[in-house]
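Got a structure here, written out as structure tokens. Questions coming.
The values are calculated or read from the model by the stated rules, or taken from the named source; none is laboratory data. Remember, predicted model here, so these are calculated numbers, not experimental data. For accessibility, only protein heavy atoms count, side chains too; no ligands or nucleic acids. Shrake-Rupley method; radii C 1.70, N 1.55, O 1.52, S 1.80 Å.
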Amino acid sequence: IAPLEEINLGGATITEAETEEIGQREFWPWLALAGLIILLIEWYVYHNRLRVPTAGQTAGRFALRRRRV
């Protein structure tokens, strides 16, 4: 069984339309990846600012302040 190449309807001949491939690509995955990267950078920067200083870091800052004065 094979499809017909032409169909006669009411005296009119209908032929198969040529298939054209439209080269559309979706770019939303790239936008989603860029958004995720931006969120990860924001999260990293935010959490680095919230670190609790350790005893060594506080002593080092205190020593720097004493030298400046």
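Go through segment 15-32 and report how many residues are open to solvent by 80 Å² or more (accessible area, probe 1.4 Å) and not in a loop (DSSP other than H, G, I, E, B).
4
If you don't mind, another one. Have a look at Ile37, Ile7 and point out the one that is part of a helix (DSSP H, G or I), modelled with pLDDT of 85 or more and open to solvent by less than 100 Å² (accessible area, probe 1.4 Å).
Checking each option against the conditions leaves just Ile37.
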